[in-house]
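Q: Just dropping this structure here.
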Amino acid sequence: MAFLTAHHTDVGIKKKTNQDALLLKTAKTPKGPVGLFIICDGMGGLSHGELASATVIRGMAEWFDAEMPRISLSEHIEQEIYLEVEKCIKQLNEKILNYGETSKVKLGTTLTALLIVHNKYYIAHIGDSRAYSISNSLNQLTKDQTLVAREVARGNITDEQAKMDPRRNVLLQCVGATKEIETNFSTGDVQANTVFMLCSDGFYHQITEEELALNLKPDTITNDQQLKDKVVELVELVKARKELDNISVVAAKVL
């Protein structure tokens, strides 16, 4: 197993700062390559959103470097990953929360992390950034933790109403905003010739799943540059449709 990777982030057509942050890290282990891919969408006035998202990216990168060599050799990888990732996220949540309380500012960030280890993927998710897999079909691997998504799930509004609802950006939780935080974990098998794509909400509001499936079809992508070109093309399409938010994408094709 090996990876083709690409990323692109854009401040968008309105905002002056980009509060999104990304991470792509791969490493070789005796049992094969592993990869960590993350999208964080920060929120908070001035530079505080940037600080929150960058803090999580830096902390998760340090965690990967320090812990994955050991975890990748464990006989209980799944349990180790859940325990250690959750521990790391809670520490980062406390760090950002303490900074906010000391500085008297409100800040936080979404976190969608995809870890690929030995033909399995593990997702840690908080907020409304998303992860998808694209092979013969497209699958959304995360559920938006937003007020509007909850209303749709309860049957109070329709999917179409949700797209126009003024509350669609109201998060139920994010890293750094509250003392108690609950990470949503999921896992699944990794098949060769699959593209995994992570994105901030600024990306997916102005694009359809059909467009994602067509442009990121694994059979049409044979090298890093082709994947990069597709990602940039999609981001430019979103900008042309007048998306006002920061726009970020991370993509990895499993060979």
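The values are calculated or read from the model by the stated rules, or taken from the named source; none is laboratory data. Predicted model only: the values in this text are computed from it and were never measured. Don't worry about glycine lacking a Cβ; one is built from the backbone with ideal geometry, like all the others, and counts go over all protein chains shown. For accessibility, only protein heavy atoms count, side chains too; no ligands or nucleic acids. Shrake-Rupley method; radii C 1.70, N 1.55, O 1.52, S 1.80 Å.
Q: Given R₀ = 22 Å, FRET efficiency for LYS25-VAL105 by Cβ-Cβ distance, to 0.05? Numbers along the way, then the final one.
A: Working: r = 29 Å, r/R0 = 1.33.
The formula returns an efficiency of 0.15 here.
Q: Accessible area per residue, 1.4 Å probe, Å², for the stretch 26-147: what's the number? Walk me through the numbers before you get to the answer.
A: Numbers: 5430 Å² over 122 residues.
On a per-residue basis, the stretch 26-147 sits at 44 Å².
Q: Which residue, LEU244, LEU73, LEU138, has the most motion in a Gaussian network model of the chain that connects Cα atoms within less than 10 Å?
A: Largest GNM mean-square fluctuation: LEU73.
Q: Averaging the inverse of every distinct alpha carbon separation and then flipping it gives the Kirkwood radius. What is it for the stretch 185-255, in angstrom units?
A: Details: mean 1/r = 0.0778 Å⁻¹.
Result for the stretch 185-255 stands at 12.9 Å.
Q: Tell me what the chain gives for mean residue ellipticity at 222 nm when only DSSP H runs of n ≥ 4 count, each as -39,500 (n - 2.57), the sum divided by the residue total, rounded to 500 deg cm²/dmol. Write down the numbers at each step before the final one.
A: On the way: 7 runs with 92 residues, N = 255.
After summing the helix terms and dividing by the residues of the chain, the value is -11500 deg cm²/dmol.
Q: So for the chain, taking the charge dipole from beta-carbon charges (+1 Lys/Arg, -1 Asp/Glu), which of THR222, ILE89, ALA54 sits furthest toward the positive end?
A: Most positive-ward Cα: ALA54.
Q: Could you tell me which residue out of THR110, SER248, THR17 lies farthest along the dipole of the chain toward its positive end? Charges go on the beta carbon: Lys and Arg +1, Asp and Glu -1, centred on the Cα centre.
A: THR17
Q: Mean 1/r over all different Cα pairs, inverted: what Kirkwood radius does the stretch 60-120 give, in Å? Intermediate results must be reported in sequence, preceding the final value.
A: Numbers: mean 1/r = 0.0759 Å⁻¹.
Over the stretch 60-120, the inverse of the mean reciprocal pair distance is 13.2 Å.
Q: Same structure again: Take the Cα radius of gyration of the stretch 1-132 and divide it by 2.2 N^0.38 Å, with N its residue count; two decimals is plenty. Spell out each step's value before the answer.
A: Working: Rg = 15.5 Å, N = 132, 2.2 N^0.38 = 14.1 Å.
Taking the Cα Rg and dividing by 2.2 N^0.38 Å, one obtains 1.11.
Q: If you average 1/r over all unlike Cα pairs in the chain and invert the result, what Kirkwood radius do you get in angstrom? Numbers along the way, then the final one.
A: Values: mean 1/r = 0.0541 Å⁻¹.
Taking the inverse mean of 1/r over all distinct Cα pairs, the chain comes out at 18.5 Å.
Q: So between VAL190 and GLU62, what do we pick up on full extension, going 0.36 nm a residue minus the alpha carbon distance?
A: Numbers: separation 128, 0.36 × 128 = 46.08 nm, distance 2.45 nm.
Value of the extension gain: 43.6 nm.
Q: Given points 7 Å out from each Cα along the Cα-Cβ axis, report the GLN79 to ASN119 separation in nanometres with one decimal.
A: So the label points at GLN79 and ASN119 sit 2.2 nm apart.
Q: Taking a point 7 angstrom from the Cα of ALA2 along the C-beta vector, which residues in the stretch 21-39 have backbone N less than 20 Å away?
A: Residues 24-37 qualify, since their backbone N sits under 20 Å from the label point.
Q: Which value, to two decimals, describes the C-alpha radius of gyration of the stretch 97-206 once divided by 2.2 N^0.38 Å?
A: Details: Rg = 15.7 Å, N = 110, 2.2 N^0.38 = 13.1 Å.
Relative to the rule-of-thumb radius for its length, the stretch 97-206 sits at 1.20.
Q: Okay, moving on. I'd like the distance between the alpha-carbon centres of the stretch 126-164 and the stretch 32-57, rounded to an integer number of Å.
A: 21
Q: With N denoting the number of residues in the stretch 1-76, provide Rg(C-alpha) divided by 2.2 N^0.38 Å, to two decimal places. Intermediate results must be reported in sequence, preceding the final value.
A: Numbers: Rg = 15.4 Å, N = 76, 2.2 N^0.38 = 11.4 Å.
It is 1.35.
Q: Here's another thing I want to ask about it. For the chain, modelled as a GNM with alpha-carbon contacts under 10 angstrom, which of LEU111, LEU51, LEU198 fluctuates the most?
A: Most flexible of the set in this elastic network: LEU51.
Q: Here's something else I'd like to know. Among 154-161, 201-208, 189-196, what's the highest-first ranking by average C-beta atoms within 10 angstrom per residue? Provide the component values of the computation, followed by the final result.
A: Details: 154-161: 10.5, 201-208: 20.5, 189-196: 16.4.
The densest-packed peptide leads the list: 201-208, 189-196, 154-161.
Q: Sticking with this structure for a sec: For the stretch 40-198, give the percent of accessible area contributed by carbon and sulfur heavy atoms, probe 1.4 Å, rounded to a whole number. Show your work: numbers first, answer last.
A: Details: 3940 of 7960 Å².
Percent of accessible area from carbon and sulfur atoms in the stretch 40-198: 49.
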